[in-house]
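Asks: After the structure tokens below, expect a handful of questions from me.
The values are calculated or read from the model by the stated rules, or taken from the named source; none is laboratory data. Note that the structure is a prediction, hence the values are computed from the model and not measured. Backbone-built Cβ (ideal geometry, glycine too); neighbour counts: all protein chains shown.
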Amino acid sequence: MRRLLMTALVALAAIGTGQAAEVTDDTGRQVRIPDDPQRVVALHEPVLAVPLIELGVPVVGIYGRGDDGSSLTAVDFLHEMLGRSKDADPIPGIGPVGSINLEKLRALRPDLIIGTDYDAGKAKALSQAAPVYLQNSSAATAHGFSVQEELARVLHREDRFRELRTAYQARLDGLRGRFPDRLPKAPGERTYLIVMLTDQANVVAGMSGAVQALEDLGYRRAEIAGEGSTRQSRSMLILPIGAESLAGLNPDLLLVMTSFAAPARDEAAARAALDRLSPGWDRFMAPAREGRVVFLDSARVTSPSVASAMHTLDAVEGWLAGRPR
């Protein structure tokens, strides 16, 4: 009886001091998570790990990395987006891409696993290792860096998010002050589109720091005839468009980038991809003729994080500074 009483008192103390709390994740699951998790595993690097690490959350494992912490994909997003040194303490993975190894996961001793709504089918198995919180990440439910803002709320990192947001706002204000006549004077006054070039052209959906930055600068996303609603799409990032639609794009600002997997992601690579998909684009597309094209690095601007929004502002500033008046 005494042992049962002590167990009950410890449990009540934990609840009273906020050591753990029951929350509803974005798929409607009830999850009891630590108040201040210290060993978090992220199931998606650009969508979850980047926003979490920028918030100061201690991430000890990331799906998509090797045992030695090296990236198993074409891009090291932590390095590209956050500037994390490749010599920093490695953050190991939990098995090869396409297969999570539960033993490797348990060996990391996580106190919280964070996945996206796409991981719902794995949640029961992963819960054997630690509580699993699922975050919405589809274009239908997430926009800009809302994923990072939501994670900050769930993990009690609101102060850190406010710090990031304050620095970001100062950067926005600085651009507006430096280029008052070159940026929209009112919200939605001008339009933008972001295009990612793979083996076809794709418009970027709403969930990314790039989208957040452009809309905070006063641009609104241009409509594309026959595209369908971004909000109805399950895609996290891109929506395909045809070659004819690509050729006819004419937003006030067109932003172009190659994919993560491309051999190169610079302006020259993007121009070459456009040449392949739409020969003569630089002569007949109005944004190209009129100097309204900005080239982005997809490995830096596509996370739902303040970091990606800041990288986008860097690119826009470079375009504004270099474009003839």
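Asks: Quick one: Leu126 ticks every box in (1) assigned by TED's automatic domain parsing to the domain that holds Val75; (2) among the hydrophobic types (A, V, I, L, M, F, W, C); (3) surrounded by fewer than 20 Cβ atoms within 10 Å (Cβ to Cβ) bar one, so which box is it?
Replies: Checking Leu126 against (1) assigned by TED's automatic domain parsing to the domain that holds Val75; (2) among the hydrophobic types (A, V, I, L, M, F, W, C); (3) surrounded by fewer than 20 Cβ atoms within 10 Å (Cβ to Cβ), the one that fails is (3).
Asks: Return the pairs, sorted by first residue and then second, in which the second residue is buried (at least 24 other Cβ atoms within 10 Å of the Cβ) and of a type in the set (Phe, Trp, Tyr), the first residue lies in the range 192-212 and is in the same structural domain as Met285 (by TED's automatic domain parsing), the beta carbons are less than 6 Å apart, and the residues are 6+ apart or on different chains.
Replies: Tyr192/Tyr219; Gly209/Phe145; Gln212/Phe145
Asks: If you take just the helices (runs of 4 or more DSSP H) that sit entirely in the range 244-302, which of them hold at least 1 residues that are surrounded by fewer than 21 Cβ atoms within 10 Å (Cβ to Cβ)?
Replies: On the way: elements: 267-277, 281-284, 286-289, 298-301.
Correct list: 267-277, 281-284, 286-289.
Asks: Continuing with this model, one more query. Identify the residue in the range 36-77 that is touching an Asp or Glu at 6+ places or on another chain (Cβ under 7 Å) and free of Cβ contacts under 8 Å to residues at least 40 places away in the same chain and, among all such residues, is farthest from Ala261 (Cα to Cα).
Replies: Taking the range 36-77 and keeping what is touching an Asp or Glu at 6+ places or on another chain (Cβ under 7 Å), we get 37-39, 43, 62, 64, 77.
If we keep only those that are free of Cβ contacts under 8 Å to residues at least 40 places away in the same chain too, we end up with 62, 64.
Details: Ile62: 19, Gly64: 14 Å.
Looking at the filtered set, the residue picked out is Ile62.
Asks: Same structure, new question: Which of the residues spanning the range 77-90 are in contact with a helix residue (DSSP H, G or I) (Cβ under 8 Å, 6 or more places away or on another chain), farther than 21 Å from Gln38 by Cβ and modelled with pLDDT of 95 or more? First the steps, then the outcome.
Replies: First pass over the range 77-90, keeping only residues in contact with a helix residue (DSSP H, G or I) (Cβ under 8 Å, 6 or more places away or on another chain): 77-78, 80-82, 84-86.
The next check asks that each one be farther than 21 Å from Gln38 by Cβ; those that pass are 77, 80-81, 85-86.
Scanning the range 77-90 gives Phe77, Glu80, Met81.
Asks: Just to check your reading of the model, which residue among Arg325, Arg289 is at pLDDT below 95 and among the charged types (D, E, K, R)? Working first, answer last.
Replies: Values: Arg289 fails: at pLDDT below 95.
None of the other options fit; the residue is Arg325.
Asks: When the residues of the range 135-162 are narrowed to those that are of a type in the set (Asp, Glu) and in contact with a helix residue (DSSP H, G or I) (Cβ under 7 Å, 6 or more places away or on another chain), which ends up surrounded by the most Cβ atoms within 10 Å (Cβ to Cβ)? Give the steps one after another, and end with the answer.
Replies: Taking the range 135-162 and keeping what is of a type in the set (Asp, Glu), we get 149-150, 158-159.
If we keep only those that are in contact with a helix residue (DSSP H, G or I) (Cβ under 7 Å, 6 or more places away or on another chain) too, we end up with 149, 158.
Details: Glu149: 20, Glu158: 14.
In this case the residue turns out to be Glu149.
Asks: Hey, among Gly115, Gly93, which residue is touching a helix residue (DSSP H, G or I) at 6+ places or on another chain (Cβ under 8 Å), part of a loop (DSSP other than H, G, I, E, B) and not assigned by TED's automatic domain parsing to the domain that holds Ile238?
Replies: Gly93
Asks: Pairs only if they're at least six apart or on different chains, beta carbon under 6 angstrom, first in the range 279-297 and at positive phi, second of a type outside the set (Asp, Glu); list them, first residue then second.
Replies: Gly291/Arg323
Asks: Based on what the data block shows, is Arg171 within 30 Å of Ala262 (Cβ to Cβ) and surrounded by fewer than 23 Cβ atoms within 10 Å (Cβ to Cβ)? Give the steps one after another, and end with the answer.
Replies: Details: within 30 Å of Ala262 (Cβ to Cβ): yes; surrounded by fewer than 23 Cβ atoms within 10 Å (Cβ to Cβ): yes.
Yes: the conditions hold for Arg171.
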